[in-house]
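Where a number appears in this text, it was derived from the coordinates with a stated rule and is not lab data. Predicted, not measured: the structure shown is a model, and the values here were computed from it. Counting neighbours? That spans all protein chains shown, and the Cβs are built from the backbone with ideal geometry, glycine included.
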């Protein structure tokens, strides 16, 4: 499997855990004390880091740190938008499209030769 694809897959899985760690408690633990939510989030974030750290180490063999960061941001928005709509029941917004287009511009500039 090509390094950029392996990196992307690991970052995608990492971002799924990250999104649940950062925002899942707002739906599931909103009636609990904040420190319960923080501990649950830390537990979920462990799995994020177990995927994110190898992803960046693998990716850094062929990509710059700037390319890795932009790649992560694009993946983060790609994971967050469906999470917000499907899991958190947020309305679909045209702002997701505009943010995505801005990120495409960032991808172009950071990956151009």
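Points worth noting:
- For segment 14-47, the candidate set comprises residues that are touching a residue at least 40 places away in the same chain (Cβ under 8 Å) and exposed (fewer than 15 other Cβ atoms within 10 Å of the Cβ); within that set, the residue that is farthest from residue 70 (Cα to Cα) is 27.
- Qualifying residue in segment 37-54 (condition: under 25 Å from residue 101 (Cα atoms) and more than 15 Å from the chain's Cα centre (by Cα)): no
- Residue in segment 48-64 that is closer than 22 Å to residue 112 by Cβ, assigned to a helix (DSSP H, G or I) and free of Cβ contacts under 8 Å to residues at least 24 places away in the same chain present: no
- Meets criteria (surrounded by fewer than 17 Cβ atoms within 10 Å (Cβ to Cβ), out of contact with any strand residue (DSSP E or B) (no Cβ under 8 Å at 6 or more places or on another chain), assigned to a helix (DSSP H, G or I) and in contact (Cβ under 8 Å) with a residue 60 or more places away in the chain) for residue 11: no
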